[in-house]
1. Are there GluC sites (Glu not before Pro) in the range A:77-130 that DSSP marks as loop and that have at most 14 other Cβ atoms within 10 Å, and which are they?
2. Which loop trypsin sites (Lys or Arg not before Pro) in the range A:2-84, with loop taken from DSSP, have no more than 15 other Cβ atoms within 10 angstrom of their Cβ?
3. Are there trypsin sites (Lys or Arg not before Pro) in the range A:244-289 that DSSP puts in a loop and that have at most 13 other Cβ atoms within 10 Å, and which ones?
4. Less than 16 Å apart at the alpha-carbon level, and either on another chain or at least 8 residues along: which aspartates and glutamates does that give for A:LYS402?
5. Once the Cα atoms of helix A:214-224 and of chain A are each reduced to a long axis, what angle between those two axes, in degrees from 0 to 90 to the nearest 10, is obtained?
6. Taking θ = phi - 60°, what integer Hz values does the Karplus form 6.51 cos²θ - 1.76 cosθ + 1.60 yield along the range A:409-419, in sequence order, with x for Gly and Pro?
7. Dipole magnitude of the range A:286-363 about its Cα centre, charges +1 at Lys/Arg Cβ and -1 at Asp/Glu Cβ only, in debye to the nearest 20?
8. Can you list the lysines whose alpha carbon is less than 20 Å from that of A:LYS353, not counting same-chain residues fewer than 8 positions off?
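The values are calculated or read from the model by the stated rules, or taken from the named source; none is laboratory data. Quick caveat: nothing in here was measured; it's all calculated off a predicted structure. Every residue, glycine among them, receives a Cβ derived from its backbone with ideal geometry; neighbour counts consider all protein chains shown. The accessibility values were calculated without ligands, DNA or RNA, using every heavy atom of the protein model including side chains. Shrake-Rupley method; radii C 1.70, N 1.55, O 1.52, S 1.80 Å.
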Amino acid sequence: MDQTNSSRPSDFIRDIIDDDFKTNKHQGRVAVRFPPEPNGYLHIGHAKSVCLNFGIAAQYGGTCNLRMDDTDPSGESMEYVESIIRDIQWLGFDWGDRLFFASDYYERLYEYAVQMIKEGKAFVCDLDVDEMREHRGSFTEPGRESPYRNRPVEENLDLFERMRAGEFEEGTHTLRAKIDMASPNITMRDPIMYRIKKEAHYRTGNKWCIYPMYDFTHCLSDSLERITHSICTLEFENNRPLYDWFLEAVNADYRPQQIEFARLNLTYTIMSKRLLIELVSKGIVKGWNDPLMPTITGMRRRGYTPAAIRDFCDRIGVAKNDSMIDMALLENCVRDDLNQTTPRVMAVLRPLKVIIDNYPDDQVEEFDCPFHPQNPDMGSRKVPFSKVLYIERDDFMEDPPKKFFRMAIGREVRLRYGYFVTCVDVVKDRDTGEVVELHCTYDPETRSGFAPDGRKVKATIHWVSAAHSIPAEVRLYDRLFQVADPLEDDFDYMKHLNPNSLEVLTSCRVDPSLANAEPESRYQFERLGYFCVDSVDSSAANLVFNRTVTLRDSWVKIARKGEK
RNA sequence: UGGGGCGUCGUCAAGCGGUAAGACACAGGAUUUUGGUUCCUGCAUGCGGAGGUUCGAAUCCUCCCGCCCCAGCCA
């Protein structure tokens, strides 16, 4: 029994690579690449591809290049390049010195194009957009050949040279591959190789005013980089014949294999770059790094860990089925990681004042509280206890349903690591009737939350000392959309935005040990969830925490059942 | 509609002719100073449908049905 690969993810792509190893197709070499276009931020869908490609390279002792697929100057920028680099590094991957840019291949691509013209495989076309669309035909009708298709080679050469020289206006000329206007695959109907764009490129500046199209660029870039397996998403399946055609047309000395897999879809969010841009530009979210965003940078700010994201990508698998992954799986992955790695701490989000009537007025005790109950190696901290405390408003009910075990009048509960206390009185606002203060008595014999007589208590609740805890702002994030698939039916996703995706709490009180919490540091606020220090807005003077994800909460289920 | 893909549990996903892995979700239960964690248990006589081949079919064949992608000088 071969156990060596039992825990390794396997999938149809790795099967292909395994076969190639057996037949020695690439002399045991595996070279892949991750080719983002720097016109937006990376999101969790890209992470799937990043983990796939870099994961394969690592698993097979191969390489994974990072290549900026920058062939369209509009929308591309250095800011995006930098964000992509930052995000992939943060995810934990390394491409060594193999950072490439399609824009570095412009000159060679131009030479390939000239070669194709000379061999009668490409021609300069004077059709404008509308005419070209009209000539393209439809799904059912073949296209018609461009009247410029049979121009003499010399004329094509001259025209293409002048296109490069900037003699023509945008939209007046294109360079097209001469393939087959009757092909049932529309991609093959004399596709455009170059178009004129009098736009500065973020890297090449004004050196070029013609830019190569994706189909022409990508396969040749892969070939130049000696990529063995060019992994992309399903929508490029139609383009594969063209990928192979260009390689053949220029008689490439190296021909990579394109393999397509299904892109990631996640419930309760959207993945389309275009729509994410819209969320940012319309101010629905506060930027690409808004913790509500499914972007890597947004998730990072929210408190997700690289390990959790990598684990998620391993668990979802790689296949060709269109799929919609349940957000609950992602949440499970973060909880799983954070549960093991995160120190526990007490924080009260919606404070309710509690006075321990029989506790000495000026006494302050310190309790030793472990940072992780299952992992003593994480150490502990001292937490001050005094006569006036805060507990969570949700942890008290005046008229509790039968299954509510927390604080209620006359009921004894445990203050975590503190004492057993019994609520003896409720103070309400004279006008509103709102509960403003609780009076309790404590049992001095139950120090640290232990009853020497062995008596049990149904609940343990968290608390902070009013005088010693420190104020903080806490941002409660929830799902961006209220429905699993915001694009279902009419694509009018805006109407599905979750109005409660963010709740800001400004009067929270947190464990004093958090006073010097570093930006991006993560904690479990006991009984509440996982939180991290906001990397943008938090400071020592004004602590801000973001909720990454709640703890699994079986109480809400019980409470919901009770309502019925 | 022409072409290209895909249909296995609520959601993902193994399976590659020998009689349906696993994960998440869900439902029970045990342990618990987090209604957390952990640990047990349950969860497809069924693989889009109908025929056929075979001793034997999710796997092979035929037909049918459904979903996704393609008519940007985007990638």
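1. A:GLU119
2. When the trypsin sites (Lys or Arg not before Pro) of the range A:2-84 are filtered for loop state and at most 15 Cβ neighbours within 10 Å, A:LYS25, A:ARG29 remain.
3. Answer in residue order: A:LYS282.
4. Of all the aspartates and glutamates, those that pass the test against A:LYS402 - Cα under 16 Å, at least 8 places apart if same chain - are A:ASP394, A:GLU412, A:GLU563.
5. Long axis of A:214-224 versus the principal axis of chain A: about 90 degrees.
6. Computed from phi, the couplings for the range A:409-419 are 4, x, 9, 8, 10, 9, 8, 3, 6, x, 10 Hz.
7. On the way: 11 positive and 11 negative charges, 71 e Å.
Dipole about the Cα centre, nearest 20: 340 debye.
8. Reachable lysines: A:LYS387, A:LYS428.
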